[in-house]
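Just below is one structure, and these are the notes that go with it.
The values are calculated or read from the model by the stated rules, or taken from the named source; none is laboratory data. Keep in mind the model is a prediction, meaning the values are calculated, not measured. Reconstructed Cβ throughout: ideal geometry from the backbone, glycine too, with neighbour counts over all protein chains shown.
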Amino acid sequence: MSKPKPPLVRLHELTPGQSGDFFALLAERSKGARRDGKPYFTCRFRDAQRTASFMVWSDGPWYEACEAEWREGQFFKVRGTFDEHPAYGPQLDIHNIRPAAEDDKADGFDPLDFVERSRYDVEAMYQELWTLAEGQIADVPLRRLVLTILTNTAKALKLAPATQRHFFPYAGGLLEHTLSVTHTCLHLVDKYAGHYADLRPPLNRDLVLAGAMLHDIGRTAEFTDDLLHVQATVPGRLFGHLFLGRDLVRDTARELGDVDPELLQMLEHIIIAHLNLPEWGSPRLPLIPECLIVHHADDLDAKLEMYARCLTRDQADGPFTARDAVLGRQLYKGRKK
């Protein structure tokens, strides 16, 4: 009578001594040699929350496959036992292994499980952003422009990080940031439109919302779609997300043919100038109040995410975090309330 199959689990859920079937990414594969000259490989398998090592010895059953077939960045279905070595950390003893296949998605295999990603559902966020554009932008041609761009960039928008290292640097981060900025801008434009009711022309609510939704849309063309090794594309390196976003908006508006030229020009200005400061990469300063609203909503959202991530993950002793390289400061974490 054959033994029952081990349960399908996640690598980071395994406890010392526990066996199971799990999917894992081969993150590192390095070759070495023992004192007697016999070669070996040190392999590190991981999911988004744990990395564990597996030693592939030349006289073991997996050496030939490791040398000839296994590649870094490849996904595998593994049957093995997890352990914690007091000196070498998390370890695997692999009993069986094969490359992950398309059919494994039926068992829950998802490449996104192996990278850091938004804690919110990207499909729900995308639908919420779409609903806001559809229901809150009154100008019909401008609304059609925004919805067309959201449709054309949907795949990248759902997967891309907002940045590679600074804020929202994970899969789905761009969409999470965009939706958050849109909600903040919706509140701010309604607040200030009432506060400055005598402003002529009045604050353009539609322009602010369109600017919020599209201010970082160039990021969808700035980064590659390889979530394991996010890199800037050639256009991303040459032009950056501001000009890529402006071009995307301008080209789509030209195809649609009915967006008010002055409104389009103001929307392009928001995309180009919303970073505000030249040292942040802005080629122009904000020259309309709608751009100022988008700038401050964008900057606040980015900074708060960086603060929250630093405070949540810091392991330093004492009442202050370790110095955050991006923020350029140590945050106080010793407060009780």
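List of remarks:
- Condition check for R237: loosely packed, with under 11 Cβ neighbours inside 10 Å and either at pLDDT below 95 or under 27 Å from T151 (Cα atoms) (or both): yes
- Test result for A100, closer than 30 Å to P169 by Cβ, modelled with pLDDT under 95, outside the structural domain of D190 (by TED's automatic domain parsing) and aliphatic (A, V, I, L, M): yes
- Among the conditions (1) more than 28 Å from the chain's Cα centre (by Cα); (2) assigned to a loop (DSSP other than H, G, I, E, B), the only one that V56 does not satisfy is (2).
- Flag for G257 being exposed (fewer than 12 other Cβ atoms within 10 Å of the Cβ) and assigned by TED's automatic domain parsing to the domain that holds V146: yes
- Failed item in (1) closer than 30 Å to V115 by Cβ; (2) out of contact with any Pro (no Cβ under 9 Å at 6 or more places or on another chain); (3) charged (D, E, K, R), with R309 passing the rest: (2)
- Failed item, numbered, when N276 is tested on (1) at positive phi; (2) in a helix (DSSP H, G or I): (2)
- Taking first residues from segment 27-48 that are assigned by TED's automatic domain parsing to the domain that holds D59 and within 16 Å of I97 (Cα to Cα) and partners that are assigned to a strand (DSSP E or B) and acidic (D, E), the Cβ contacts under 8 Å between residues at least 6 apart in sequence or on separate chains come to T42/E28; C43/E28; R44/E28.
- Condition check for R98: more than 18 Å from T224 (Cα to Cα), over 19 Å from the mean Cα position of the chain (by Cα) and of a type in the set (K, R): yes
- Top-ranked residue of segment 71-97 - restricted to ones that are in a loop (DSSP other than H, G, I, E, B) and out of contact with any strand residue (DSSP E or B) (no Cβ under 6 Å at 6 or more places or on another chain), ranked as surrounded by the most Cβ atoms within 10 Å (Cβ to Cβ): G73
- Of the candidates D47, D107, D103, the single residue that is surrounded by 13 or more Cβ atoms within 10 Å (Cβ to Cβ) and under 30 Å from the mean Cα position of the chain (by Cα) is D47.
- Residue-level check: of (1) touching a residue at least 24 places away in the same chain (Cβ under 8 Å); (2) of a type in the set (D, E); (3) under 19 Å from F243 (Cα atoms), D301 misses just (3).
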